[in-house]
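The values are calculated or read from the model by the stated rules, or taken from the named source; none is laboratory data. Just so it is clear, the model here is predicted, and its values are computed rather than measured. Note: ideal-geometry Cβ built from the backbone for every residue, glycine included; neighbour counts use all protein chains shown.
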Amino acid sequence: MAKSDTFSSDAKTAANTPFYESNPGAKAHVSYHYNPHTSEYHYGALHPMKPFRLMLTDHLVSSYKLHEKMDLYTPRLATKDELLQFHSEDYIDFLQSITPEKTAKMTGQLLSQFNIGDDCPVFDGMYDYSSIYAGASLDATRKLISGMSDIAINWSGGLHHAKKFEPSGFCYVNDIVLSIINLLRVHPRVMYIDIDLHHGDGVQEAFYTTDRVMTVSFHKYNGEFFPGTGSVDEIGLGRGKNYAINVPLRDGIDDDSYIRLFKLIMEPLITKFQPTCIVQQCGADSLGYDRLGCFNLNIRAHGECVKFIKSFGIPMLVLGGGGYTPRNVSRLWCYETSVLNDVTLDHKIPNYLPTYDWFGPDHSLHPQLEGRIDNKNSKKYLESVKQEILEQLRYLNHAPSVQMSEIPPDLTGLTDEEEDAIRDLNEDMGVDQKS
Ligand SMILES: [Zn+2]
């Protein structure tokens with residue numbers, strides 16, 4: 001286990017983080033938002049996205065007794081009105097009404113209009129599935145906004161490809177965009193950090209013209225790899241110019257280069273932008289041996305990126321994302337849950353875990369995941385990417401300040417039905433209604 005501390009200190013970075021008061025004695029208040037129904041849906045037998053990875057994750061988290069460290073919430077589904085905060089009504093109506101039976105009778109034209117196909121099939125209950133994971137992310141934002149949580153986790157969220165008008169890359173509803181919209185009601189500046197293998201295109205696109213959200217994505221890029229975007233010269237537009245940051249990487253990046261680059265880029269970005277809230281998408285397909293992946297990252301290295309961001313002491317929404325080798329996805333997210341709770345876990349997975357057999361033959365939380373793919377990221381290449389981004393950063397003079405508009409009244413997160421019920425109850429009890 002001594003090896004586990006390889007990435008734990010970075011004194012120089014810590015010493016150069018002046019504006020956040022670190023309070024090492026104070027433990028962050030962490031909440032965990034999980035609706036178990038989310039793991040019961042199926043995209044189809046051959047589809048790489050397996051929602052049951054969320055059940056495996058939850059089993060691991062509870063077998064390590066991490067549940068005892070956090071506030072646990074079983075969130076309600078997002079309402080249609082909530083989904084419409086970003087998505088178009090046409091698209092949400094379509095999602096709500098389509099079924100596999102109806103699909104069989106539909107024209108290819110209508111299906112392709114809504115980008116339905118192999119990546120984003122129509123499956124039973126997909127509207128509910130989307131409302132569940134989006135509901136969990138929104139629940140997490142409410143706990144951050146109210147100050148009940150410093151760090152709020154939803155491993156079922158992080159579906160970063162979904163667009164306003166259509167699904168994309170296994171993502172139907174963009175819970176990240178919805179969450180950031182909610183956070184912007186009270187937070188002047190939100191930073192989005194994406195360490196999924198794929199470019200966080202849906203989130204970047206949604207906030208491409210605003211300086212209130214800085215999007216930062218580390219991903220594989222060669223112009224063809226899905227979703228095709230994410231080159232270093234996509235920097236934002238209008239007021240958002242220079243507030244989109246892209247870190248394009250080649251196949252096979254290893255732990256040391258990834259962590260080094262991540263810290264060298266994130267530290268000055270955070271210091272300069274001064275986000276008041278951070279949303280981190282922790283897609284697990286950037287791990288080595290991922291079914292769809294091509295990086296060489298180990299679980300500890302991925303987790304180091306979460307630990308580093310946590311060290312700034314800024315409120316965090318932590319989300320899942322991609323990840324197509326379920327046993328490693330769940331190992332990663334369990335490990336990252338422990339990092340966020342400042343808990344050290346035994347690398348041996350508890351043998352009373354109901355899904356223990358999934359983690360054989362080693363039954364370790366930290367299998368070796370590097371070395372499958374040649375590292376095509378030369379030192380020179382990574383240096384040039386870093387230089388280009390630091391150059392972009394020079395154009396950011398200071399953190400933009402905003403006129404905060406009045407906080408909308410719906411931040412309690414109550415549905416209309418719930419509000420009606422409370423009103424009825426108050427009327428029954430003779431409470432004066434002033435509104
Ligand atoms: Zn991905």
Among residues of the stretch 150-201 being surrounded by fewer than 24 Cβ atoms within 10 Å (Cβ to Cβ) and acidic (Asp, Glu), the residue farthest from TRP333 (Cα to Cα) is GLU166
Take TYR258 and decide whether it is among the aromatic types (Phe, Trp, Tyr), at pLDDT 95 or above, within 14 Å of the ligand (Cβ to nearest atom) and within 30 Å of LYS50 (Cα to Cα).
no
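Just the residues that are part of a helix (DSSP H, G or I) and either among the aliphatic types (A, V, I, L, M) or farther than 22 Å from ASP285 by Cα (or both), please, taken from the stretch 330-349.
The answer is LEU332, VAL339, LEU340.
If I ask for residues that are out of contact with any helix residue (DSSP H, G or I) (no Cβ under 9 Å at 6 or more places or on another chain), within 16 Å of the ligand (Cβ to nearest atom) and farther than 19 Å from ALA134 by Cα, which ones from the stretch 182-201 would you list? Lay out the reasoning, then the answer.
Filtering the stretch 182-201 down to residues out of contact with any helix residue (DSSP H, G or I) (no Cβ under 9 Å at 6 or more places or on another chain) leaves 184, 188, 199, 201.
Adding the requirement that they be within 16 Å of the ligand (Cβ to nearest atom) leaves 199, 201.
Residue satisfying the conditions is HIS199 alone.
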Taking the stretch 309-329 and the residues there that are within 16 Å of the ligand (Cβ to nearest atom) and part of a helix (DSSP H, G or I), the one that is nearest to ALA284 (Cα to Cα) would be VAL329
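Condition first: more than 16 Å from the ligand (Cβ to nearest atom), part of a loop (DSSP other than H, G, I, E, B) and more than 22 Å from PHE312 (Cβ to Cβ). Now tell me which residues in the stretch 137-164 satisfy that. Don't jump to the end; show me each part of the working.
Step one: list which residues in the stretch 137-164 are more than 16 Å from the ligand (Cβ to nearest atom), which gives 137-154, 164.
This time we only want the ones that are part of a loop (DSSP other than H, G, I, E, B), so: 147-150, 164.
LYS164 - this is the single residue of the stretch 137-164 that is more than 16 Å from the ligand (Cβ to nearest atom), part of a loop (DSSP other than H, G, I, E, B) and more than 22 Å from PHE312 (Cβ to Cβ).
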Exercise. Examine the stretch 65-82 for a residue that is without any contact (Cβ under 8 Å) to a residue 60 or more places away in the chain, in a loop (DSSP other than H, G, I, E, B) and out of contact with any strand residue (DSSP E or B) (no Cβ under 9 Å at 6 or more places or on another chain), and state whether such a residue exists.
Key: yes
Residues of the stretch 274-308 being within 16 Å of the ligand (Cβ to nearest atom), touching a strand residue (DSSP E or B) at 6+ places or on another chain (Cβ under 8 Å) and assigned to a loop (DSSP other than H, G, I, E, B), in sequence order, are CYS282, GLY283, GLY288, GLY293, CYS294, PHE295
Of (1) under 30 Å from ILE349 (Cα atoms); (2) surrounded by 15 or more Cβ atoms within 10 Å (Cβ to Cβ), THR74 satisfies every one except (2)
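One line per residue, one yes/no per condition, for (1) modelled with pLDDT under 95; (2) in a helix (DSSP H, G or I); (3) out of contact with any Pro (no Cβ under 7 Å at 6 or more places or on another chain):
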site	(1), (2), (3)
LYS102	yes, yes, yes
ASP128	no, yes, yes
GLY135	no, yes, no
ILE180	no, yes, yes
Residue count, the stretch 205-236, condition within 14 Å of the ligand (Cβ to nearest atom), farther than 16 Å from CYS294 by Cα and not in a loop (DSSP other than H, G, I, E, B), comes to 1
Sole miss for ILE145 among (1) among the hydrophobic types (A, V, I, L, M, F, W, C); (2) buried (at least 20 other Cβ atoms within 10 Å of the Cβ); (3) under 15 Å from the mean Cα position of the chain (by Cα) is condition (3)
With the first residue restricted to the stretch 153-176 and required to be within 14 Å of HIS199 (Cβ to Cβ), and the second required to be of a type in the set (Val, Ile, Thr) and more than 15 Å from the ligand (Cβ to nearest atom), Cβ contacts under 6 Å at 6 or more apart or on different chains are ALA162/VAL173
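Pick out the one residue from SER330, SER338 that is polar (S, T, N, Q), more than 14 Å from the chain's Cα centre (by Cα) and closer than 23 Å to ALA134 by Cβ.
Details: SER338 fails: closer than 23 Å to ALA134 by Cβ.
That would be SER330, the only listed residue that is polar (S, T, N, Q), more than 14 Å from the chain's Cα centre (by Cα) and closer than 23 Å to ALA134 by Cβ.
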